[in-house]
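I have placed the structure first, in the form of structure tokens, so that the comments after it can refer back to it.
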Amino acid sequence: MITKLRRAEQMLHYFGPCWLAYRAAYAFQQRAGLLRHKMPAQTWADQPLATFLMDPDLANPAAFWAHRRHEAPAFFFAAEQRMQYSVFLRKWDSEAISPQIWADRLAAGRWRFFQRLPVDIGTLPDWHRNALTGERAPSDQHWSQIPDFGFGDIKVIWEPNRFAFVYTLVRAYWRSGDARYAALFWRLVEDWRLHNPPQQGPNWKCGQESTFRVMAWIFGLYGFAEAAATTAERVADLVQMIAVSGRRIAANLHYALSQHNNHGISEGVGLWTIGLLFPELRDAERWRNTGRQVLERLGRELIYDDGAFVQHSVNYHRLMLHDYLWALRLGDLHDRPFTPALRKRVASAGQFLYQLQDDETGRVPHYGQDDGALILPLNNCDYLDFRPVLQGMHYLTSNRRCYAAGPWDEDLLWLFGLEALSVPIDLVPRTDWQAKSSGYYTLRSQNGFAFVRCATYNDRPGQADMLHFDLWWRGQNIATDAGTYSYNAPDPWNNPLARTAYHNTVTVDGLDQMDRVGKFLWLPWLRSTVRQDRKSAQNYLSYWEGTHDGYQRLHDPVTYRRGILRLAGESWLVLDMLMGAQAHDYRLHWLFPDRPFDFWPDAGALRLHTDLGTYDVHLLAPAAADPPLLVRADDKTPLGWRAPYYSYREPALSLAMHVRADSAFFATLFSPHPSGMEIENNTLHLSVGKRQLRIALAFDDTPSLVTSVALSGDISDELVVD
């Protein structure tokens, strides 16, 4: 009872009485059948296109298609540009990668889930079936009666229903002119219509999913406008489906807004888009205005002052940028620009993600929850490459490119036209990044960078991963995040990678940094503080230190401090100090990519054989510590795995060291050079290649774990921390 009361008090504190009252009322409406009454299950015939149109004379498909051919509002591109575009589009293809390859596989029934996983589900899939488990959600029940987690991972069901394959089909058609791709688009649209009557089945559960589907349908409508398969009847039916989707989004928008995340933004995009591109609909003006208001408001509320996004996830950050890229570009095309304040906010969000990026690969730390969403797949780049969205965002907000020419430019062509390919390039430097409002930090070296999170949560956490440390060297993610894998899968894969134990940090007594009280709910929200952030005079050395209070909630509170020291020559030292009054189990964990390795547990040393040379990791811990354990691809737990793509996992190397004591100190040295480390009293002695370092430490509650650093050898430098 005490625990329940404490949880209720915490919920009230973090979410507020209005939010709790709304969610309780919504749950009542769902149980009582009021949502079914508000949005009744119907057939397509119950909501004919005529009921949505302002002009009844357009109800005839031929008349409607004639009207659209002459009066359709401008989109990102026009059908008559296809031949001109095709020359540019083909230059980004290769024998191994092209949209035609993926489109042909789709036509043969081999789909690609979450941009990675090949699945045979047939040319016309079962739209209600979980393709990975075989479970099937009911297609004849109102969506409000279908549980979120009753049929495996509902995101697997939703994946083909997002119609992201439409972008592949249009891209293939514009390159080749092959009419098969247009015919396949319409065949799939018609089959979806047949098996998904309004408000029935799992694919009507989420307004954000409806938005993503509508965006893809519209892209196909404009992309195949001149194809022989595009008939008046098909166009009229599709616009009816778009209008019904708009009604569904508008009717339940308040629920999306209550989630305080990308759902509200996406549904705002849906209403804005339908209202802008289909002015012949009765509700077009209302939807357009509502969508605009939502996008303006949520841009201010959900994008932090430093450009970070409320969901603590790089992939949801990209989703948000794609939403705004689409919406703002449409507004510009129609002389309905959004406010300068919103554009500035969105530009800062793009710059934020750019500063977290690896220079060579375009990838970013795989930080936060990731459900595999990629709502604008307009290029041949890998899912993990963030250059396409950032190139588009930089052009939108500055009329410049931020990368030299490459396959990521295809997004510019589709969204902005040929002129975007020839604008000047801004060589925007990446520097040590301090996003203080949201608690994201990077420290840069010449050929890599370190990333760490040190934040006080003001919005709902997605993972218990504070002070997670990511390390990149020459385009390789040496110390890596495990990803997500699945939000709902059989144990042990039921979203375990959100837990502290799978991140690059220290766990106390086997506990998470916060208590997991629901599938997506952690309490209480922890607080963090940056204690040090300074550089030496010659910039060969820099030191950062942070702390969080996640383990202060224990009966015997434990303080946790992490220091990160950048050393000249691409080497890094991570220091972890944990202090309690009684004995605790402390576990330091690191995750590395699956590479050939040498491991010397007694010496606490691991050597990775990477594509670009060897990379050494040395662990140092108290004498009472157990020898470190290295696990690769454990068959009973998620240890030794990572999930760079949703519903896909691959082996990794999990290195952990345990110690039971009242306090513990760990030191981890990362270096691409032959290196070693030993401790004498309160001084660490490091050898890194031809250089030596003497690091003075303070183990009590001083302002800094590191008090001074002396570097000698072929170069010399000194760092004193007050």
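Once you place label points 7 Å from the Cα toward the Cβ at Asn289 and Ala74, how far apart are they in nm?
Computed distance between label sites Asn289 and Ala74 equals 2.5 nm.
List every residue whose amide H lies under 5 Å from the amide H of Arg136, counting only residues 5 or more places away in sequence or on a different chain, with H placed 1.01 Å from N in the peptide plane.
Asn130
List the relative contact order of region 76-251 as a percent without decimals, with contacts defined as Cα pairs under 8 Å and 6+ residues apart.
Working: 206 pairs, mean separation 44.2, N = 176.
Here the relative contact order equals 25 percent.
Excluding residues fewer than 8 places away in the same chain, name every one of the lysines whose C-alpha is closer than 30 Å to that of Lys38.
Correct list for Lys38: Lys155, Lys205, Lys519.
Hey, if you drop one equal point scatterer on each alpha-carbon of the chain and run the Debye formula without solvent, what base-10 log of I(q)/I(0) do you get at q = 0.06 Å⁻¹?
After summing over all Cα pairs, the log10 values are -0.38.
Please report, to one decimal in angstroms, the Kirkwood hydrodynamic radius of region 433-672 built from all distinct Cα-Cα pairs. Spell out each step's value before the answer.
On the way: mean 1/r = 0.0549 Å⁻¹.
The answer is 18.2 Å.
Show me, for region 293-308, the HN-Hα J-couplings you get by feeding each phi into the Karplus relation (A = 6.51, B = -1.76, C = 1.60, θ = phi - 60°), rounded to Hz, glycine and proline as x.
Couplings: 4, 4, 5, 5, 5, 6, x, 6, 7, 9, 9, 5, 4, 8, x, 6 Hz.
Which order do the peptides 293-301, 381-389 come out in when sorted by mean C-beta neighbours inside 10 angstrom, highest first?
Details: 293-301: 19.0, 381-389: 21.6.
Packing proxy ranking, top to bottom: 381-389, 293-301.
If the reach is capped at under 24 angstrom between alpha carbons, list the lysines near Lys436, excluding any in the same chain fewer than eight residues apart.
Filter leaves Lys344, Lys535.
Spelling out what I want: for every residue of region 591-599, take phi, set θ = phi - 60°, compute 6.51 cos²θ - 1.76 cosθ + 1.60 (Karplus), and round to whole Hz; glycine and proline get x.
Each residue's phi maps through the Karplus curve to give 10, 10, x, 6, 10, x, 8, 10, 9 Hz.
Between helix 61-71 and the chain, what is the angle of the helix's C-alpha long axis to the longest principal axis, kept within 0 to 90° and rounded to the nearest 10?
So the helix axis and the longest Cα principal axis differ by about 60 degrees.
What number, in percent, do you get for the relative contact order of the chain if the mean sequence gap of Cα pairs under 8 Å and at least 6 apart is divided by its residue count?
Numbers: 1439 pairs, mean separation 64.1, N = 722.
The value is 9 percent.
Determine, from the Cβ-Cβ distance of Gln582 and Arg400 and an R0 of 60 Å, the FRET efficiency 1/(1 + (r/R0)^6), rounded to the nearest 0.05. It would help to have the intermediate numbers written out before the result.
Values: r = 58 Å, r/R0 = 0.97.
After rounding, the FRET efficiency stands at 0.55.
Please give the contour-minus-distance gain from Arg336 to Arg595: 0.36 nm per residue of separation, less the Cα-Cα distance, rounded to one decimal in nm. Could the numbers behind the result be given before it?
Details: separation 259, 0.36 × 259 = 93.24 nm, distance 5.19 nm.
Difference between extended and current length: 88.1 nm.
Where does helix 262-277 land angle-wise versus the long Cα axis of the chain, in degrees 0 to 90, nearest 10?
Once rounded, the angle reads 30 degrees.
Estimate the FRET efficiency between Gln259 and Met54 by the formula 1/(1 + (r/R0)^6), using the beta-carbon distance for r and 35 Å for R0, to the nearest 0.05.
0.60
What nm distance separates the two modelled labels at Gln145 and Arg23, each placed 7 Å from Cα along Cα→Cβ?
Using points 7 Å along Cα→Cβ, the separation is 2.6 nm.
Tilt of helix 340-355 relative to the longest C-alpha principal axis of the chain, in degrees (0 to 90, nearest 10)?
50 degrees
Using Cα-Cα distances under 8 Å and only pairs 6 or more residues apart, what relative contact order does region 259-430 have, in percent? Walk me through the numbers on the way to the answer.
Values: 243 pairs, mean separation 31.9, N = 172.
After rounding, I find 19 percent.
When the helix-only estimate is applied to the chain (DSSP H runs of n ≥ 4, each -39,500 (n - 2.57), divided by the residue count), what is the mean residue ellipticity at 222 nm, nearest 500 deg cm²/dmol? Don't jump to the answer; show the numbers that get you there.
Values: 18 runs with 233 residues, N = 722.
Value at 222 nm, helices only: -10000 deg cm²/dmol.
By per-residue mean of other Cβ atoms within 10 Å, what is the highest-first order of 521-533, 570-582?
Values: 521-533: 17.8, 570-582: 20.1.
Going by the mean number of other Cβ atoms within 10 Å, highest first, we get 570-582, 521-533.
For an R0 of 30 angstrom, estimate the FRET efficiency from the Cβ-Cβ distance between Thr683 and Asp359 and round to the nearest 0.05.
Numbers: r = 35 Å, r/R0 = 1.16.
Working from the Cβ atoms, E equals 0.30.
Once phi is turned into ³J(HN,Hα) by the Karplus curve 6.51 cos²θ - 1.76 cosθ + 1.60 with θ = phi - 60°, what whole-Hz value does each residue of region 429-442 show in order, with x for glycine and proline?
Residue by residue, region 429-442 yields x, 9, 10, 4, 10, 10, 9, 6, 5, 10, x, 9, 9, 10 Hz.
Show me 267-277, 466-476 ranked by packing, highest mean number of other Cβ atoms within 10 Å first.
In decreasing order of mean packing, 267-277, 466-476 become 267-277, 466-476.
Distance between the C-alpha centers of region 167-204 and region 432-452? Whole Å please.
43 Å
Every number in this text was worked out from the coordinates using simple rules, so none of it is lab data. What you see is a predicted model; the values in this text were computed from it and never measured. Every residue, glycine as well, gets a Cβ built from its backbone with ideal geometry; the counts of neighbours run over all protein chains shown.
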